[in-house]
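The structure under discussion appears below in the form of structure tokens.
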Amino acid sequence: MTVIVILIVLWAILTVVGFAIDGLLWLGIIGIILVVGTLVFGFVRRSVNKAKKQL
């Protein structure tokens, strides 16, 4: 879970930098995609771990 949080923070920083600097708008868009992907991955992994613990 720590790795997921670190990745989300890094992607958020990339997003802010991308939107703050006009020439790096593409970096902001990629940052948003990476944040969403990391969140989905984290939730899916968490759900799988909960399901395994219940068995």
Q | 222 nm mean residue ellipticity, helices alone, for the chain (DSSP H n ≥ 4; -39,500 (n - 2.57); rounded to 500) | A | -31500 deg cm²/dmol
Q. Normalised by the number of residues in the chain, what is the relative contact order in percent for Cα pairs under 8 Å and 6+ residues apart?
A. 33 percent
Q) For the chain, what is the accessible area per residue in Å², given a 1.4 Å probe and the full set of protein chains? A) 80 Å²
Q: Using the Karplus curve 6.51 cos²θ - 1.76 cosθ + 1.60 with θ = phi - 60°, work out ³J(HN,Hα) for each residue of the stretch 16-23 in order, rounded to whole Hz, and write x for Gly and Pro.
A: 4, 4, x, 7, 6, 9, 4, x
Q. Got a number for carbon plus sulfur as a percent of the chain's accessible area, 1.4 Å probe?
A. 77 percent
**Q.** Between helix 25-54 and the chain: long-axis angle, C-alpha atoms, 0 to 90°, nearest 10
**A.** 10 degrees
Q.
Report the per residue volume, in Å³, of the convex hull enclosing the C-alpha atoms of the chain.
A. 44 Å³
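The values are calculated or read from the model by the stated rules, or taken from the named source; none is laboratory data. Just so it is clear, the structure is predicted and the values come from calculations on it, not from any experiment. SASA here: full protein model, heavy atoms, side chains in, ligands and nucleic acids out. Shrake-Rupley method; radii C 1.70, N 1.55, O 1.52, S 1.80 Å.
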